[in-house]
1. Can you tell me which residue among Gly139, Gly206 is farther than 23 Å from Lys65 by Cβ, in a loop (DSSP other than H, G, I, E, B) and at pLDDT 60 or above?
2. Which residue is farthest from Leu69 (Cα to Cα), if the candidates are limited to the stretch 222-273 and must be free of Cβ contacts under 8 Å to residues at least 12 places away in the same chain and polar (S, T, N, Q)?
3. Looking at (1) touching a helix residue (DSSP H, G or I) at 6+ places or on another chain (Cβ under 7 Å); (2) surrounded by fewer than 24 Cβ atoms within 10 Å (Cβ to Cβ); (3) closer than 15 Å to Ala130 by Cβ, which is the only condition Leu225 fails?
4. Taking Glu247, is it within 11 Å of the chain's Cα centre (by Cα) and among the acidic types (Asp, Glu)?
5. Just to be sure I understand, how many residues within the stretch 108-128 are in contact with a strand residue (DSSP E or B) (Cβ under 7 Å, 6 or more places away or on another chain) and more than 12 Å from Gly58 (Cα to Cα)?
6. Of the conditions (1) within 18 Å of the chain's Cα centre (by Cα); (2) among the charged types (D, E, K, R); (3) at pLDDT 95 or above, Arg146 clears all except one; give me its number.
7. How about the stretch 220-244: which of its residues are over 15 Å from the mean Cα position of the chain (by Cα) and not in a helix (DSSP H, G or I)?
8. Quick check: is even one residue across the stretch 264-273 part of a helix (DSSP H, G or I) and on the phi < 0 side of the Ramachandran plot?
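The values are calculated or read from the model by the stated rules, or taken from the named source; none is laboratory data. As the structure is a computational prediction, the values presented were derived from the model and not from experiment. Counting neighbours? That spans all protein chains shown, and the Cβs are built from the backbone with ideal geometry, glycine included.
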Amino acid sequence: MASARPRPSAPPVPSPNAPVVPPVARDNPTAERPFKMRRLLTVAIDPGHGGEDPGAIGAAGSREKDVVLQIAHRLRAKIDAQPNMRAMMTRDADFFVPLNVRVQKARRVQADLFVSIHADAFLSPEARGASVFALSERGASSTAARWLANKENAADLIGGANMGNKDAQVARVLLDLSTTAQINDSLQVGKAVLGEIGGINKLHKGSVEQAGFAVLKAPDIPSILIETAFISNPEEERKLNDNAHQEQLANAILKGIRSYFARNPPLSKNPSV
């Protein structure tokens, strides 16, 4: 087999037996390129769960849906404060939104990026660290990623959304339309955001993982899902409820987004759409 052309050096893939990666600086994430866009950027922020779906629940009773909504509001305020960016939230209060509707809302405003915010949970309270996920066309990058995607995709069952043949066909069409370019863009922005989060928090995995998250299947929008921490870990649950830490998370996500768009300016939008 012919050897592929050399690739730039990449951070080593962590061993499954050592899931927690301490905070590290990756590619000097604080050094941003000049950020001058020719048009307004729209970022769709998607706080996970909501309404009758509480998401994961911490040992102290914290609900994922509440924590991620707080972080999302902070991120929206920071994005809206940028002169060339605006944010749209798929939900801005405690109500349920089906997964496919979340994607539809982002496409309706022609979002340049889709960011879904969650808090992870596991049976063991020792599990810890943040993760970032992108869509995979060919299965999950790990067993844990597949399990998490299945868990998040089950949210529509809790909300009573119609999961009949029509929705299954739509989901299949969306998956078929998900292009390699979209996934590559998602991996790039995911890497930028993960690098920034790694500067303020431990990472569960040191690289962007991939799985078939239904909420990431917009075929024309780079999309990432952020697991900010393990709410099932008592220490991380406390941090997720801390105002200062929420601010740090929102800042890290914003810096990752800015870094990505500084390197990958979006194309002009089609005015006829």
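1. When all the criteria are applied, what remains is Gly206.
2. Checked the stretch 222-273; the qualifying residue farthest from Leu69 (Cα to Cα) is Ser272.
3. It fails just one condition, (2).
4. no
5. Counting residues in the stretch 108-128 that are in contact with a strand residue (DSSP E or B) (Cβ under 7 Å, 6 or more places away or on another chain) and more than 12 Å from Gly58 (Cα to Cα) gives 12.
6. Exception for Arg146: condition (3).
7. Once the filter is applied, which keeps residues that are over 15 Å from the mean Cα position of the chain (by Cα) and not in a helix (DSSP H, G or I), the stretch 220-244 yields Asp220, Ile231, Ser232, Asn233, Asn241, Asp242.
8. no
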